[in-house]
1. Only one of Leu236, Leu250, Leu280, Leu222 is closer than 27 Å to Asp370 by Cβ and without any contact (Cβ under 8 Å) to a residue 60 or more places away in the chain. Can you tell me which?
2. Look at segment 124-151 and say how many of its residues are surrounded by fewer than 16 Cβ atoms within 10 Å (Cβ to Cβ), more than 24 Å from Leu163 (Cβ to Cβ) and in contact with a Phe, Trp or Tyr (Cβ under 9 Å, 6 or more places away or on another chain).
3. Which of the residues belonging to segment 224-260 are assigned to a strand (DSSP E or B) and touching a His at 6+ places or on another chain (Cβ under 9 Å)?
4. Going by the conditions given, is Ala317 among the small types (Gly, Ala, Ser), surrounded by 15 or more Cβ atoms within 10 Å (Cβ to Cβ) and more than 16 Å from Val268 (Cα to Cα)?
5. Take the residues of segment 82-104 that are under 15 Å from Val34 (Cβ atoms) and more than 26 Å from the chain's Cα centre (by Cα): which is surrounded by the fewest Cβ atoms within 10 Å (Cβ to Cβ)?
6. Among the residues of segment 58-72, is there at least one that is farther than 30 Å from Asp359 by Cβ and in contact with a strand residue (DSSP E or B) (Cβ under 9 Å, 6 or more places away or on another chain)?
7. List the pairs whose first member sits in segment 48-69 and is assigned by TED's automatic domain parsing to the domain that holds Arg346 and within 17 Å of Val130 (Cα to Cα), whose second member is in a loop (DSSP other than H, G, I, E, B) and modelled with pLDDT of 95 or more, and whose Cβ atoms are under 8 Å apart, counting only residues at least 6 apart or on separate chains?
8. Can you confirm whether Ala211 is under 24 Å from the mean Cα position of the chain (by Cα) and in contact (Cβ under 8 Å) with a residue 60 or more places away in the chain?
Amino acid sequence: MSEPVNRARRILNETPADRLVGCIGNVVAQAYGVTESELYQVDYRLSELLPLTQGDSITSPGHAAWRAFDHQSPVRADDTGWFPVSMRGERRGVLRLAPVPDDQTVLDELAEVATALAHELAAVSAGTDVYRAARRSQRLTLAAEMQWDLLPGRSRIRPSFSLAGQLEPAYTVRGDSFDWSDDGERLWLSTVNGTGEGVAASLLTSLATHALRNARRAGLRLADQAALADQALYDLYRGKQHLSTLLMELDLRSGVMTVVDAGSPRLVLLRRGEVTEQPLEAQFPLGMFEATDYHEQRFTLERGDRVFVVSDGVLEATGRDTRYGETALDRFLRRTGPMEPLDAVRSLIGDLRAFVAGDLVDDAVVVCLDWTGPQH
């Protein structure tokens with residue numbers, strides 16, 4: 001690793017949270033003669049790249065900034081360089097630097113600097129609103145603020161899997177959500193098809209998510225995780241409020257998927273270009289009855305399989321008096337085969353927006369999981 005990259009890492013660790021981009025600008029100015037630096041963060045809708053301090057948002061798909069974001073590699077246009085700001089698959093945006101020489105070694109080193117910035121942004125984000133506030137093109141509703149703070153991220157990459165998810169309508173989402181965690185041997189994934197309106201829906205989803213996390217971190221098996229969350233919701237709402245949830249646990253050594261379908265969103269398998277709905281045993285939603293006994297199902301993923309989980313808001317999206325439906329969904333999912341999971345999720349959401357001619361009205365969650373096979 002070059003000395004400028006090492007220096008950037010050291011200084012980033014010592015810099016106040018709100019001055020990270022300025023710190024990077026000083027380092028690359030001294031090392032490479034760069035005079036302009038700006039961070040562009042992707043917004044909640046995954047449709048705009050918003051500057052941290054100054055400049056216009058970037059929405060054109062063909063722009064060099066979007067090419068760097070989409071392909072996750074540096075792009076040089078004229079004398080301006082665009083570098084992905086990403087860590088462990090979580091794409092935060094791009095770093096704009098200018099002027100940048102046409103030198104591959106320099107481009108590679110600046111890309112490492114941008115990655116170091118991504119790691120530091122992740123480290124400081126809980127303690128400052130600077131970066132959260134700058135990545136929204138409009139005000140979030142209170143319910144949406146609660147939902148986005150609940151998420152583990154929007155994308156995740158490990159050698160054995162790639163994962164991405166998105167909530168819509170991004171700035172007004174109420175109850176739909178997802179959660180994930182992995183420990184190197186297993187991946188846990190849950191998706192929630194929320195119910196209710198406004199803050200009440202977010203509170204219901206938040207309680208369920210934290211109950212599931214509490215059970216998961218206690219080492220309980222999947223069915224017991226569902227039972228604990230079910231009891232937590234029932235104890236508070238006495239059956240008047242409940243929500244549909246799909247719980248999944250993937251063994252990263254074997255590809256065996258364990259599932260609990262608690263009135264769940266739809267699970268679709270894309271294998272060798274063919275789309276099939278995975279048959280699941282429908283069980284009661286969480287919180288509907290007292291002391292529900294949940295059962296686990298298992299099926300095995302093959303290397304290269306892609307799993308989509310979509311909520312009712314996707315299938316029931318309405319445009320010109322017609323529903324999006326399963327036929328349109330299956331046809332579109334086939335087209336996502338070559339895409340990375342986050343790109344596949346963005347494309348599906350974009351297709352839904354085009355279908356309804358605007359933002360979705362009802363909540364929708366889309367999660368995409370690629371199983372790339374066991375890794376040493």
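The values are calculated or read from the model by the stated rules, or taken from the named source; none is laboratory data. In this text, all values refer to a predicted model and were calculated from it rather than measured experimentally. When we count neighbours, we look across all protein chains shown, and the Cβ atoms used for this are built from the backbone with ideal geometry, even at glycine.
1. Values: Leu236 fails: closer than 27 Å to Asp370 by Cβ; Leu250 fails: without any contact (Cβ under 8 Å) to a residue 60 or more places away in the chain; Leu222 fails: without any contact (Cβ under 8 Å) to a residue 60 or more places away in the chain.
None of the other options fit; the residue is Leu280.
2. The number of residues fulfilling the criteria is 3.
3. Just the residues of segment 224-260 that are assigned to a strand (DSSP E or B), to begin with: 243-251, 256-260.
Answer for segment 224-260, where residues must be assigned to a strand (DSSP E or B) and touching a His at 6+ places or on another chain (Cβ under 9 Å): just Val260.
4. Values: among the small types (Gly, Ala, Ser): yes; surrounded by 15 or more Cβ atoms within 10 Å (Cβ to Cβ): yes; more than 16 Å from Val268 (Cα to Cα): yes.
In short, yes.
5. Among those that are under 15 Å from Val34 (Cβ atoms) and more than 26 Å from the chain's Cα centre (by Cα), it is Asp102.
6. Step one: of segment 58-72, the residues farther than 30 Å from Asp359 by Cβ are none.
No, segment 58-72 has no match at all.
7. From segment 48-69, no pairs qualify.
8. On the way: under 24 Å from the mean Cα position of the chain (by Cα): yes; in contact (Cβ under 8 Å) with a residue 60 or more places away in the chain: no.
No.
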